[in-house]
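See below for the structure under consideration.
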Amino acid sequence: MPNTLHRRLIVGNWKMNPATVAEAKKLARIFRRVATSLVHTEAVICPPLSFISICSGRSLFTKKSSPHFHMGAQVASTQEEGGPHTGEVGAQMLRDLGVEYVIVGHSEQRKRGDTDEIVAARLKAVLGQGLTPILCIGESVRDESGAYLSVLKDQIKASCGDILKKSAKSIIVAYEPIWAIGAAEAMKAEDVYETSLFIKKVFADLYGADMGLKVTVLYGGSVTYRNAPDIIAIGKVDGLLVGRESVNAPGFVELLKAVDLVK
Ligand code: 13P
């Protein structure tokens, strides 16, 4: 899907939750129903790979999709072709399941060993199948001197360095400061705004002024239904990447409705 998004994008990263198929099905059914009534918002859920088929809005026979409800995956293999890659799931297989978005370079995967090279390879594999990557970047500490800005710039350059503008147009950037993930509070909305402007500038420097204006930037890190409207309104981001609140059914439903009302 080309990145010509004007609607807000709310992405639920379920991480390794919930524990059972029955719970996953129930969450997906609730979110799919709410998404149908959204006006300015698109909802994406990224369940664990094992639950994607059962959460997908379309039946495998009718291929019918639900409005404003999309499937995402938390990871795709670096391998572009099928073969002897035990444990891997390729972007092509995800696409065939109805997945449209794939999270790439989440800090929890970087912590488990994804280097910049691996992140770049996953990004390339996802783009190669025409899927929309959600490239996660974020600093581990926010220092006074502003060194965190170079961390963000380096992460973008290391991932996108080999990617041509034509493909880069569909990249979505999720800014997730590591210190704000799983924390008590999200980053201040004013700071989200400043950082999203910086990310747009890095894209403008890499690909030209038009890309700086067009790139979709999400914020992630301790987003709840309470803070989401301010992060959208004051932080002026194009959407949110939500962890814990995305597997809390009442909270995520409230969040989708609250964001949809932001002018
Ligand atoms: P929390 O919303 O639980 O802080 O997680 C954020 C995140 O990592 C989403 O990808």
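The values are calculated or read from the model by the stated rules, or taken from the named source; none is laboratory data. Everything numeric here is computed off the predicted structure, so don't read it as measured data. When we count neighbours, we look across all protein chains shown, and the Cβ atoms used for this are built from the backbone with ideal geometry, even at glycine.
The set of residues in the stretch 209-218 being away from the ligand (no atom under 15 Å from the Cβ) and either polar (S, T, N, Q) or touching a residue at least 24 places away in the same chain (Cβ under 8 Å) (or both) consists of Met211, Lys214, Val215, Thr216. Hey, does the stretch 210-230 have a residue that's under 14 Å from Ile10 (Cβ atoms) and either part of a helix (DSSP H, G or I) or charged (D, E, K, R) (or both)? Yes, the conditions are met somewhere in the stretch 210-230.
Mind checking which residues of the stretch 1-27 are of a type in the set (Gly, Ala, Ser) and either surrounded by fewer than 16 Cβ atoms within 10 Å (Cβ to Cβ) or modelled with pLDDT under 95 (or both)?
Ala19, Ala22
Here is the figure for the stretch 160-190: residues that are away from the ligand (no atom under 16 Å from the Cβ) and part of a loop (DSSP other than H, G, I, E, B) total 7. Residues in the stretch 123-150 that are of a type in the set (Val, Ile, Thr), touching a helix residue (DSSP H, G or I) at 6+ places or on another chain (Cβ under 7 Å) and under 18 Å from Lys111 (Cα atoms): Ile137, Val141. In the set (1) in contact with a Phe, Trp or Tyr (Cβ under 8 Å, 6 or more places away or on another chain); (2) within 30 Å of Cys55 (Cα to Cα); (3) among the hydrophobic types (A, V, I, L, M, F, W, C), Val192 fails one condition alone, (2).
Here Arg112 meets each of (1) more than 19 Å from the chain's Cα centre (by Cα); (2) over 24 Å from Ile199 (Cα atoms); (3) within 16 Å of the ligand (Cβ to nearest atom); (4) not acidic (Asp, Glu) with one exception, condition (1). Keeping to the stretch 64-78, report how many residues are out of contact with any Gly (no Cβ under 6 Å at 6 or more places or on another chain) and either crowded, with 20+ Cβ neighbours inside 10 Å or in contact (Cβ under 8 Å) with a residue 24 or more places away in the chain (or both). The number of residues fulfilling the criteria is 9.
For every residue, the table says whether it meets (1) touching a residue at least 24 places away in the same chain (Cβ under 8 Å); (2) assigned to a loop (DSSP other than H, G, I, E, B); (3) within 13 Å of the ligand (Cβ to nearest atom); (4) in contact with a strand residue (DSSP E or B) (Cβ under 7 Å, 6 or more places away or on another chain).
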{"position": "Cys136", "(1), (2), (3), (4)": "yes, no, yes, yes"}
{"position": "Leu149", "(1), (2), (3), (4)": "yes, no, no, no"}
{"position": "Lys153", "(1), (2), (3), (4)": "yes, no, no, no"}
{"position": "Ala158", "(1), (2), (3), (4)": "yes, no, no, no"}
{"position": "Val192", "(1), (2), (3), (4)": "yes, no, no, yes"}
{"position": "Phe203", "(1), (2), (3), (4)": "yes, no, no, no"}
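Looking at Ile30, Ile54, just one residue is among the hydrophobic types (A, V, I, L, M, F, W, C), in contact (Cβ under 8 Å) with a residue 60 or more places away in the chain and surrounded by fewer than 16 Cβ atoms within 10 Å (Cβ to Cβ), and that residue is Ile30. The single condition among (1) within 18 Å of Gly239 (Cα to Cα); (2) crowded, with 21+ Cβ neighbours inside 10 Å that Cys160 does not meet is (1). For the stretch 219-258, residues that are closer than 13 Å to Phe31 by Cβ and either more than 13 Å from the ligand (Cβ to nearest atom) or modelled with pLDDT under 95 (or both) total 6.
For Val39, the conditions (1) surrounded by fewer than 14 Cβ atoms within 10 Å (Cβ to Cβ); (2) touching a Pro at 6+ places or on another chain (Cβ under 8 Å); (3) in contact (Cβ under 8 Å) with a residue 40 or more places away in the chain are fulfilled apart from (2).
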